[in-house]
Amino acid sequence: MRCWISPSSQSTRIWCSSGRRTWARAIGIADQAVDAGYKVHFRNALDLVEELELVEMNGALKKKIQQLAKVGALVIDELGCRPMSPQARYALFQLVNRFYEDRPLIMTTNKDFTHCGEFFHDAIATSCPRS
């Protein structure tokens, strides 16, 4: 399954789907952002979540999220491949919440839509429409 969050002028949209075509579409969106002059940051989910969890334990999560929010868009690949601690899910939720406000966020996962609660709060998982 592939999920991405992209703010429009009216609201933020979250798309979830599966397959290589969707990943290609997500990469196409990122490429368009780069072509338009935006900085796009690609991160492996495991590395990012471990980093967020570590900075959260050190009391620097807000600062790290502000740093990540300076990019035009963030691509998180392979979300949900490994179980996450409650602290890691909290840190990831904070990052998604920050991007939800005004930055594009593209996420890929091999998890079915019904398992989004494994890495997000249930309120977010259940509000994610399928495409």
Q. Of all residues in segment 51-87, how many are farther than 22 Å from Ala30 by Cα, in a helix (DSSP H, G or I) and more than 13 Å from the chain's Cα centre (by Cα)?
A. 11
Q) Pairs, please: C-beta under 8 Å, at least 6 apart or cross-chain, first residue farther than 12 Å from Leu48 by Cβ and modelled with pLDDT of 85 or more and in segment 70-89, second of a type in the set (Asp, Glu) and surrounded by fewer than 21 Cβ atoms within 10 Å (Cβ to Cβ)? A) Ser85/Glu53; Gln87/Glu53; Gln87/Glu56
Q) Among (1) farther than 12 Å from Met107 by Cβ; (2) touching a residue at least 60 places away in the same chain (Cβ under 8 Å), which single condition is Ala45 missing? A) (1)
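Taking segment 59-83 only, how many residues are polar (S, T, N, Q) and closer than 19 Å to Ala33 by Cβ?
So in segment 59-83, the residues polar (S, T, N, Q) come out as 66-67.
So of that shortlist, the ones also closer than 19 Å to Ala33 by Cβ come out as 67.
The number of residues fulfilling the criteria is 1.
The values are calculated or read from the model by the stated rules, or taken from the named source; none is laboratory data. Because the structure is a prediction, the values reported are computed rather than measured. Every residue, glycine among them, receives a Cβ derived from its backbone with ideal geometry; neighbour counts consider all protein chains shown.
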